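The values are calculated or read from the model by the stated rules, or taken from the named source; none is laboratory data. Because the structure is a prediction, the values reported are computed rather than measured. Note that we place each Cβ from the backbone using ideal geometry, even for glycine, and neighbour counts take in every protein chain shown. Note: accessible area is taken over every heavy atom of the protein model, side chains too, but ligands, DNA and RNA are not part of it. Shrake-Rupley method; radii C 1.70, N 1.55, O 1.52, S 1.80 Å.
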Amino acid sequence: MADFPIRFGIIGCAEIARKVSRAIQVAPNATVSAVASRSFDKAANFAKANGFPPDTKIYGSYESLLDDPDIDAVYLPLPTSLHLKWAVLTAQKKKHLLTEKPVALSVAEFDQILKACEENGVQIMDGTMWVHNPRTHKMKQFLNDKEKFGQLRTVNSCFTFFADLDFLKNDIRVKPDLDALGALGDAGWYGIRSILWAADYELPKTVTAFRNPVLNEAGVLLECGASLLWADGKIATFHCSFLSNLTMNLTAIGTLGTLHLTDFIIPYQEHQASYTTSTKPGFNELVTGWVQLPSEHTVTVDLPQEACMVREFASLVANIKKNGAQPDKKWPTISRKTQLVLDAVKASMEKGFQPVEIV
């Protein structure tokens, strides 16, 4: 497949597009073929600044890129409020779609995107990078080990970062007309996804938002959280914020073991990532220390996690293009479940922080 790389067009020159465009160039089965902005000069400058191939096509409108017959797939890093329009158009132009998260403003919007993708036979995947890291696969093996981990009982997830005054005033993630979900959509998405990942993507029965979320003057969330409850008694919590020190903690607790890491979204180092596990720990005789101490595991990776994501997506697209395969339903199903929980958190806030059932 590397001999026939999937040709990507990038619609929009957001900051995150710098990282993903690098990943497209690093991935062995993908290449950047075009970039579009609402300004030709902005697209040209973006291509130059990020070292795109000299034959990269530059477009001064999104429509022009979508009309290019030589583009196989589109990476869409636009504000969430624009996802519905441009994701549907991308699908209607028979382009496969790698879209930033959150995938939409609501699951109702995302269902319209999914309908367009299904009707046009195109693959869709969201840009949650950490789930493609080889570390994530290794951690899942531990969670699935009934002898070492047992049954999942609790998950706690936290993603916060301290945004400066310029961010809190000008970033698209605090603008109600661009990214109305604020911290819930941007940072909370990761917490929700990590919880669902640990729970094998089994949806909770109810979701209850924490009281006293912080909103800006425009009504956009800057800090919030929620608890999730399953029918079998499992419980999970997540907290997300633009107002606290950079933290990316994830802890999954089973009946026999515990998984813990402190950099679950972006590893401390690009080419290796660690996590700790603990199985059946206890105390020494005088209860002055632990026995069966946690063990640290380090996974070395050959590609950055965002390039692993691109490689996975491009492989699915290549299988459709070359072998006539059907689009893979795994990734859009996971996206939809994440959006469902996100919607439930928002609904719980609107209903006075009462539990909201997931239907």
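If you run the Gaussian network model on the chain, springs between alpha carbon atoms under 10 Å, then out of Asp166, Asp70, Asp126 the most flexible one is Asp166.
Placing unit charges on C-beta atoms (Lys and Arg positive, Asp and Glu negative, everything else neutral), compute the dipole magnitude of the chain about its Cα centre in debye, rounded to 20. Magnitude of the dipole: close to 420 debye. Protein heavy-atom surface of the range 202-256, 1.4 angstrom probe: 55% of the accessible area is carbon and sulfur, with nucleic acids and ligands not counted.
Computed 3J(HN,Hα) for the range 218-223, one whole-Hz value per residue from the Karplus formula 6.51 cos²θ - 1.76 cosθ + 1.60 where θ = phi - 60°, is 8, x, 8, 5, 10, 7, glycine and proline marked x.
Largest mean-square fluctuation among Ala23, Ala218, Ala163, in a Gaussian network model of the chain whose springs join Cα atoms under 10 Å apart, belongs to Ala218.
The phi-based Karplus calculation (6.51 cos²θ - 1.76 cosθ + 1.60; θ = phi - 60°) puts the 3J(HN,Hα) values of the range 101-112 at 9, x, 5, 6, 7, 7, 5, 5, 5, 5, 5, 5 Hz, whole numbers, x for Gly and Pro. Given Lys19/Lys148; Lys140/Lys322; Lys101/Lys329; Lys146/Lys346; Lys85/Lys321, which pairs have Cα atoms separated by over 29 Å? From Lys19/Lys148; Lys140/Lys322; Lys101/Lys329; Lys146/Lys346; Lys85/Lys321, over 29 Å: Lys19/Lys148; Lys140/Lys322; Lys146/Lys346.
Accessible surface for Phe353 stands near 50 Å², nearest 10, in the context of the full protein assembly shown (1.4 Å probe).
For the chain, the longest principal axis of the Cα atoms and the long axis of helix 40-49 meet at an angle of about 60 degrees. State the Cα centre-to-centre distance between the range 1-66 and the range 287-321 in whole Å. So the two Cα centres are separated by 26 Å. Among Leu181, Leu215, Leu316, the largest mean-square fluctuation in a Gaussian network model of the chain, built with springs joining Cα atoms closer than 10 Å, belongs to Leu215. Solvent-accessible surface of the chain, averaged per residue with a 1.4 angstrom probe and all protein chains in place: 45 square angstrom.
Once neighbouring chains are kept in place and the probe is 1.4 Å, which whole percent of the accessible area of the range 1-142 is contributed by carbon and sulfur? After summing per-atom areas, the C and S share lands at 53 percent.
Where both bridge residues fall in the chain, DSSP classifies roughly 60% of the beta bridges as antiparallel. The calculated 222 nm mean residue ellipticity attributable to helices in the chain amounts to -10000 deg cm²/dmol, summing -39500 (n - 2.57) over DSSP H runs of n ≥ 4 and dividing by all residues. The residue list Thr80, Ala199, Gly352 was ranked by how far each Cα lies along the charge dipole of the chain toward its positive end, using unit charges on Cβ atoms, and Ala199 comes out on top.
Projecting the Cα atoms of Gln272, Ser295, Met309 onto the dipole axis of the range 265-314, where Lys and Arg carry +1 and Asp and Glu carry -1 at the beta carbon, places Ser295 farthest toward the positive end. If you sort the three axes of the alpha carbon gyration tensor as a ≥ b ≥ c, you get a/c of 1.5 or more for the range 189-314 and a/b no higher than b/c, which makes it oblate.
The order of the peptides 193-204, 289-300, 304-315 by mean Cβ neighbours within 10 Å, most packed first, is 304-315, 193-204, 289-300.
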